[in-house]
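Trainee: Right, I'll just put the structure down here and ask away after.
The values are calculated or read from the model by the stated rules, or taken from the named source; none is laboratory data. Just so it is clear, the structure is predicted and the values come from calculations on it, not from any experiment. Quick reminder, even Gly has a Cβ in these numbers, built from the backbone with ideal geometry, and neighbours come from all protein chains shown.
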Amino acid sequence: MHSHFLLRRIHSLTGVVPVGLFLVYHLYLQLYLHYGAEIYNNEVNSFYDSPLATWALVIVVYIPLLFHSLLGVLLVFENKIQPSYTYFSHLLYWLQRISGIGVLLFIIAHVWNAKLGPWIAGTWGTHFEHLSSGFADPETGMLTKTVYLLGVLGAVFHFANGLNTFCMTWGIALTPTSQKRVRSFSILVFIILTASAFYALAAIW
Amino acid sequence: MSDTVTFKIKRQNTAESSPYWENFVIPYIPNSNVISCLMDIQTKPENSKGEKVTPVVWESNCLEEVCGSCTMVINGKVHQACSALIDKLEKPITLEPMSKFPVIRDLIVDRSRMFEALKKVQAWVTADGYHDLGPGDRESQSIQEVAYKLSECMTCGCCVEACPQYTQKNNFLGAAAISQARLFNMHHTGKNITDERLDTLMQEGGISDCGNAQNCVEVCPKSIPLTESIAEIGRQVSGKILRNIFKA
């Protein structure tokens, strides 16, 4: 098999199976924000401090995510801009690429803000306080909130639309009818995950 | 209705020279199409400033949207010039050669890349001799219905012109060739070399270069279900990956 082909298929797979599923789990964890500082911190810590978590995160999340991002950035620049073709799928095609770049920048900021920063500062473990104080900051709070909102929206869109194109790439949805069904499903995923993520953020708004 | 029609045409004298825009104003004739207007311009090659210029050249053949040779970009969208009716187009009408192929002159482009793509995917039925092979297998009605639609492809280039993934810098085979590979993979004799076709489609420029923008299916003048063909080849290739993994 040619590496060109294989790399793109792995790109498609990694987006859904480890990275996409991690996104869903990650957003699920955030719902604990509504239960207050103690329960939220316990839930998050029990995930990150479990014996397998570090290695599982590296193998299941960080490496696939890095691969998906790096190849994704290369893929964005191999096409031609053709604004006269104003079809919905074509719009999604560009939104997928724009959201991909946006989410990559958001993830870099997010990993720095929520993980590396607290680690260096020695405040790792107090996730709830870290998040809510960041949001409540009178000067940078609004910016942080906006970045989180856009970042989460972008990530959810990228995942939901990615599910749609995944089904076409791998030949799961063949006919126009089945492709329409998959699109409806991905829109449902987008709505549910966006609602869940925004509801979670509302706890510390 | 105004009694003249203005054309804004992107022209180019030779393959190497740079393009330029020229306007032409011709009398309006009801029910005319882009080809008949180009013929009018040809009979009196005079631009809107009244200067005598070389006539605009284009390619055309069947004049009934089955040969694909008059494909060009009309008002920003790719279409056959013969079936582009003046009454239905916004004025002034802009004509450009397709942007994904090298221009030979004016509206004529060199589409040999599409033919090369058909050769690469071996879009044919292999026969290894001239002797009588006897009657072929009977096709089922359901296969006939799909195959007939796919066989209407005229390699016009609309699908690849509208495709953001198909550029003059890369070597993507494009939706037309992928769809033809599907057609011959479902043919009784053609499917003998299915594996070879899939091998080609699993290389650089193959199926993995599709970005799912789905413009191809929107612009196809023959309404060929191109995204279905791409998904079907995607499925055949997925099967091949699995078979390769579990093959000793």
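Trainee: Starting from region B:112-127, keep only residues that are among the basic types (Lys, Arg), then list their pairs with residues that are surrounded by 12 or more Cβ atoms within 10 Å (Cβ to Cβ) whose Cβ atoms are within a distance under 6 Å, requiring at least 6 positions of separation or different chains.
Mentor: If the second residue must be surrounded by 12 or more Cβ atoms within 10 Å (Cβ to Cβ), the pairs left are B:120/B:200.
Trainee: Let me ask another. Considering only region B:178-189, I want to know if a residue exists there that is under 15 Å from the mean Cα position of the chain (by Cα), assigned by TED's automatic domain parsing to the domain that holds residue B:140, among the polar types (S, T, N, Q) and surrounded by fewer than 22 Cβ atoms within 10 Å (Cβ to Cβ).
Mentor: Looking for residues that are under 15 Å from the mean Cα position of the chain (by Cα), assigned by TED's automatic domain parsing to the domain that holds residue B:140, among the polar types (S, T, N, Q) and surrounded by fewer than 22 Cβ atoms within 10 Å (Cβ to Cβ), one finds none in region B:178-189, hence no.
Trainee: Considering only strands (runs of 3 or more DSSP E) fully contained in region B:38-134, which possess at least 1 residues that are among the hydroxyl-bearing types (Ser, Thr, Tyr) and outside the structural domain of residue B:156 (by TED's automatic domain parsing)?
Mentor: B:71-74, B:93-96
Trainee: Give all pairs with beta carbons closer than 6 Å in which a residue from region A:171-185 that is under 13 Å from residue B:212 (Cα atoms) meets a residue that is of a type in the set (Ser, Thr, Tyr); count only pairs at least 6 apart in sequence or on separate chains.
Mentor: A:171/B:238
Trainee: If you take the residues in region B:56-91 that are closer than 26 Å to residue B:14 by Cβ and touching a residue at least 60 places away in the same chain (Cβ under 8 Å), which one is surrounded by the most Cβ atoms within 10 Å (Cβ to Cβ)?
Mentor: B:71
Trainee: Same structure again: Can you spot a residue in region A:164-171 that is among the small types (Gly, Ala, Ser) and under 30 Å from residue B:229 (Cα atoms)?
Mentor: Scanning region A:164-171 turns up at least one residue that is among the small types (Gly, Ala, Ser) and under 30 Å from residue B:229 (Cα atoms).
Trainee: Kindly indicate which of A:169, A:194, A:177 is of a type in the set (S, T, N, Q), within 14 Å of chain B (Cβ to nearest Cβ) and within 19 Å of residue A:95 (Cβ to Cβ).
Mentor: After ruling out the rest, the residue left standing is A:169.
Trainee: Residue A:205 passes all but one of (1) loosely packed, with under 15 Cβ neighbours inside 10 Å; (2) without any contact (Cβ under 8 Å) to a residue 24 or more places away in the chain; (3) not aliphatic (A, V, I, L, M); which number fails?
Mentor: Looking at each condition in turn, residue A:205 falls short on (2).
Trainee: Residues that are away from chain B (no Cβ under 14 Å) and at positive phi: does region A:38-45 have at least one?
Mentor: Checked region A:38-45: no residue is away from chain B (no Cβ under 14 Å) and at positive phi.
Trainee: Among the residues of region A:75-88, write down those that are modelled with pLDDT under 95 and not in a loop (DSSP other than H, G, I, E, B).
Mentor: Matches in region A:75-88: A:75, A:76.
Trainee: Which helices (runs of 4 or more DSSP H) does region B:167-248 wholly contain that include 1 or more residues that are within 13 Å of another protein chain (Cβ to nearest Cβ), of a type outside the set (A, V, I, L, M, F, W, C) and touching an Asp or Glu at 6+ places or on another chain (Cβ under 7 Å)?
Mentor: Fully inside region B:167-248 and qualifying: B:175-185.
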